[in-house]
Amino acid sequence: MQTKKNKTLGEFIIENQGSFQYSSGELSKLINAIRLAAKVVNHEVNKAGLVDILGTAGDVNIQGENQQKLDVLANDKFIQTLKNREIVCGIASEEEDDFIKINSHDERHQNKYVVLIDPLDGSSNIDVNVSVGTIFSIYRRVTPVGTPVTLEDFLQPGNNQVAAGYIVYGTSTMLVYTTGDGVNGFTLNPAIGTFYLSHPNMQFPETGKIYSVNEGNYVHFSQGVKDYIKYCQEEGKGRPYTSRYIGSLVSDFHRNMIKGGIYMYPKSSKASDGKLRLLYECNPMAFIAEQANGKASNGTKPILEIIPTELHQRVPFFCGSKKMVEKVETFINEKK
Ligand code: AHG
Ligand code: MN
Ligand code: MN
């Protein structure tokens, strides 16, 4: 019997290098570095429950690294890997107050990409063995190569993204990414540490039956959002919908992309801009969504068109199947 041979991520990166708009191999190297960091973090996430056990058995490294909180550890691993390989000129992370300049004092380094990351997404799920993720976003710098990166290089609208992706550390570990030419998903075979192309050309169904929102915040939502939630729950064409909320954006998004659905983190009377961060969470997920025939909005305009003003800026977020995002926008606009 013939067995189907799936492409590895390494093979896929090499094959697709030529299709990047400004192909010099630099972006391929960068995605390779992310692939490596993802495997390291995956290993840490998988043994998270063992940390205390190993700790008391004395099986801890000298720096006591495995006692670190996993989101700090993931942050360190991604930053270290990207720094060591000298392939980016700057990194901004949800876990760092300010952006990091890399080798930018040294004009021999001609790196042109900056990376923005949410190293561990869904941190409230770490201690309870529920899926978490990593989100990354890549831009070309706007200031000249060979000079130190500035804030301007990071505060670009999402439409300028060159690549974006996420890793979901779930029942299996997957890396899903886009370089602006569709979305592809790769599943890790943990026995040999290789990612295989398992989900080529991922697409959001046009519409779906799942809505994902923290309904504990319901009373604080605007009337438009409340009305949309009621609409999801009413009898109607294909309704009521079903509610699914993991509390890890990466996992909720991943499920909705496969099954059809909408993820919402609206503004509320407690948080005037919602909770999610534009640069580390919303922009990369919005880019992936649009590349997969989905849609992402702050309720009134496309996420990717927002001009960022601060590194850690938050925005309301509605993302998923196109028709569902359009519907919630209608409800919001009616009540404006
Ligand atoms: P992070 O762990 O990076 O801070 O992000 C958590 C985010 C997102 O992943 C998730 O969907 C949302 O926060 C959950 O927030 P609530 O607990 O307020 O619902
Ligand atoms: Mn997050
Ligand atoms: Mn995080």
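Close amide H pairs (under 5 Å, H built 1.01 Å from N) link THR194 with ASN189, residues at least 5 positions away or on another chain.
Over 30 Å between C-alpha atoms is what I'm after, so list which of LYS69/LYS295; LYS39/LYS267; LYS39/LYS259; LYS112/LYS209; LYS77/LYS259; LYS230/LYS301 land there.
With Cα atoms farther than 30 Å apart: LYS69/LYS295; LYS39/LYS267; LYS112/LYS209; LYS77/LYS259.
Note the angle between two axes, namely the Cα long axis of helix 26-46 and the longest principal axis of the Cα atoms of the chain, as a number of degrees from 0 to 90, rounded to the nearest 10. Taking Cα atoms only, the helix is inclined about 80 degrees.
In the chain, the DSSP-assigned H stretches of four residues or longer account for a calculated mean residue ellipticity at 222 nm of -9000 deg cm²/dmol, using -39500 (n - 2.57) per stretch and the full residue count as denominator. Rounded to the nearest percent, how much of the accessible area of the chain (1.4 Å probe, protein heavy atoms only) is carbon and sulfur? Taking all protein chains in place, the chain shows 48 percent carbon and sulfur surface.
Enumerate the aspartates and glutamates that LYS7 could reach by cross-link, defined here as Cα to Cα under 13 Å, with residues fewer than 8 away along the same chain left out. Straight-distance partners of LYS7: GLU15. Once the 1.4 Å probe is applied to the protein heavy atoms, segment 210-334 comes out at 39 Å² accessible per residue. With contacts taken as Cα pairs under 8 Å and at least 6 residues apart, segment 194-259 reaches a relative contact order of 47 percent. In the elastic network of the chain, a GNM with C-alpha springs shorter than 10 Å, the most mobile of ASP127, ASP273, ASP76 is ASP127. Connecting C-alpha atoms closer than 10 Å in a GNM of the chain, tell me which of PRO205, PRO240, PRO316 has the biggest fluctuation. Looking only at PRO205, PRO240, PRO316, the largest GNM fluctuation is found for PRO240. In this view, the solvent-accessible surface of THR81, computed with a 1.4 Å probe and all protein chains in place, comes to about 20 Å². Applied to segment 320-332, the Karplus parametrisation 6.51 cos²θ - 1.76 cosθ + 1.60 on θ = phi - 60° returns per-residue 3J(HN,Hα) values of x, 4, 3, 4, 6, 5, 4, 5, 5, 4, 4, 4, 5 Hz, with x for Gly and Pro. Taking Cα atoms only, the orientation of helix 249-259 departs from the longest principal axis of the chain by about 60 degrees. Relative contact order for segment 9-199: what percent, with Cα pairs under 8 Å and sequence separation of 6 or more? Answer for segment 9-199 is 16 percent.
When the chain is treated as a GNM with alpha-carbon contacts under 10 Å, the residue of LEU175, LEU311, LEU155 showing the greatest mean-square fluctuation is LEU155. Residues in segment 120-134 carry Karplus couplings, in order, of 9, 9, x, 4, 5, 9, 4, 6, 10, 6, 10, 3, 10, x, 9 Hz; the curve used is 6.51 cos²θ - 1.76 cosθ + 1.60 with θ = phi - 60°, and Gly or Pro positions show x.
Bridge orientation summary for the chain: considering DSSP beta bridges with both residues in this region, about 85 percent are antiparallel. Electrostatic bookkeeping for ILE246 treats Lys and Arg as +1 and Asp and Glu as -1; over the other residues with beta carbon under 12 Å from its beta carbon, the sum is 0. Amide H to amide H distances under 5 Å link TYR245 with no residue, where only residues 5 or more positions off or on other chains count and H is placed in the peptide plane.
For segment 9-199, DSSP calls about 90 percent of its internal beta bridges antiparallel.
Distances between placed amide hydrogens fall under 5 Å for ASP181 paired with no residue 5 or more residues away or on another chain.
The values are calculated or read from the model by the stated rules, or taken from the named source; none is laboratory data. Owing to the predicted nature of the structure, the values given are computational and were not obtained by experimental measurement. When we count neighbours, we look across all protein chains shown, and the Cβ atoms used for this are built from the backbone with ideal geometry, even at glycine. For accessibility, only protein heavy atoms count, side chains too; no ligands or nucleic acids. Shrake-Rupley method; radii C 1.70, N 1.55, O 1.52, S 1.80 Å.
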